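A short write-up of the structure that comes next.
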Amino acid sequence: MNAYFVYAIAAFAASATLLGAIRFFGRRSDDARDGETFPEPPRIEVLSRTAVGSGRSLVLVQFEGRRILLGLTRGQWTALADLGRAPQSQDPASTIDAELNRALKADRLRRGRRSS
């Protein structure tokens, strides 16, 4: 093997190592990004939670002004209904109770039982 070839490979390896060290240690921290500010992430507010069975519950959340009814089991979350914008004068607990009663009544009618 030629000596010039060995020196060329060594010089290439040294320059690649030096370039990598400069890039790694020359990074600025995340706090010093020239005043970049990131918007605050949207808030998810839990309005109400009702246990339906063992390991199951209904959760009413508010996200970006919209109310969403979620079904919760031990293994997953499922969006059941988008209830739209929240009215300003209504109690969130009464909303979930009304939605739960409506769903139970529809289930009873579907199964052929009379509502009580």
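Nothing in this text is a laboratory measurement; each read-out follows from the coordinates by a stated rule. If you're wondering where the values come from, they're calculated on a predicted model, not measured in any experiment. Neighbour counts are summed over all protein chains in view; Cβ atoms, including those assigned to glycine, are modelled from backbone coordinates with ideal geometry.
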Q: Which order do the peptides 8-21, 56-69, 95-108 take when ranked by the mean count of other beta-carbon atoms within 10 Å per residue, highest first?
A: 56-69, 95-108, 8-21
Q: Starting from the Cα-Cα distance between Arg102 and Glu40, subtract it from 0.36 nm times their residue separation and give me the gain in nm to one decimal.
A: 18.7 nm
